[in-house]
Amino acid sequence: MKKILSVVFFCVVGCVAGLSVSAQQKPHYTQYILNQYIINPALTGIENYVDLTLSHRHQWTGIQDAPVTSYLSIHGPIGKSDYRQTATSFDLKGQNPRGKSYWEEYTAPEPHHGIGLQVINDVTGPLRNFSAYGTYAYHLALSSRTNISAGFGVGFSRFSLDADKLDFGDVIVDPSVYSSGVLNNTRLDMMAGLYLYSADYFIGVSAQQVVPQKIDFSKGYIKPTDAKTVPHLFATAGYRFLVGDNFNLIPSLMVKYVNPLPVQVEGNFKLQYQDRLWIGGSYRHKDGFAGMLGVNVSNLVHVGYSYDYTTSRLSNYSKGTHEILVGFVLGGYPDNCPRVLW
């Protein structure tokens, strides 16, 4: 097992050190459907309240030093004139807030701005990527039921390599990696996105790490020549089906591209009962599938949990992936606040 881990981390460090190894550099989120803002800044300020979300993901449990990702995101609208206009919902006494009558009467919000903040900490073995972004978006009504928004984010990514944790066993590597202490490298980072949405559907495109940046641990012993960040491209789409007056069924699709990896396709569904409980599932092509469930604890708090099962060769060593998400509604409609967009 130790030799397997040594090879894995050799590949990971090779990616950072500019070797001919490529991999996804940004973390994956199973429950992105609950917080699409984390992959697309165009959703900044889409709700009629300030949305605060905390998430923790432990990937491939059972494998030592496997990826662990935590994030905090917060965003809200500026100048949204009518807080009753939202693609989410709010509780009306005696009615299902996600029922047929609400969606039939839905109208697109007036043009408004949104601002937000994302803080992400992603750790894999000796490698850590801590990043933070300020985001902005502008939402424009295209029709009585449809909006389009454009957004961007600007911040930094701080890459760290804990050389004390490098142990390759019998694997022969460049002596330059045998340094000590933590080597850090900080780079400017940017993201951008577009989002088309209504009461019935959404379509989004976004890009993270828009401007490739070289990674150079010049103050330590590792100084690569070719290592750099690469853009991550996302396309998402989903549609809302009303199943009677008590259920919403929302199938969705995400397509991800990170050069030179193959295109990744993920299908999802979410079935929600009124504004109380929901279950869901996803399938990632040639990688695995996941189950999800959640509950709106109150008008102010919702909780989601997901479990991923890997169908690749890693399933021989991994006990699955756990991810928990907790969301908070701050402000908004004074009596009964909206919930998650989709």
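Read-outs: derived from the displayed coordinates by stated rules, not from any lab. Computed from a prediction, not measured in an experiment: that's the story for all the values here. Here Cβ is always computed from backbone atoms with ideal geometry, including for glycine, and neighbour counts include all displayed protein chains.
If you plug the beta carbon distance of VAL265 and ILE78 into 1/(1 + (r/R0)^6) with R0 = 35 Å, you get a FRET efficiency near 0.50. Whole-Hz Karplus values for segment 296-304 come out as 8, 4, 7, 5, 10, 9, 9, 10, x Hz, taken residue by residue from phi with 6.51 cos²θ - 1.76 cosθ + 1.60 and θ = phi - 60°; glycine and proline positions read x. Shape class for segment 193-330: prolate, because the ratio a/c of the largest to smallest gyration tensor axis (alpha-carbon atoms, square roots of eigenvalues) is 1.5 or more and a/b beats b/c. Annotation: amide H-H contacts under 5 Å for GLU110 (H modelled 1.01 Å from N, sequence separation of 5 or more, or interchain): SER81, ASP82.
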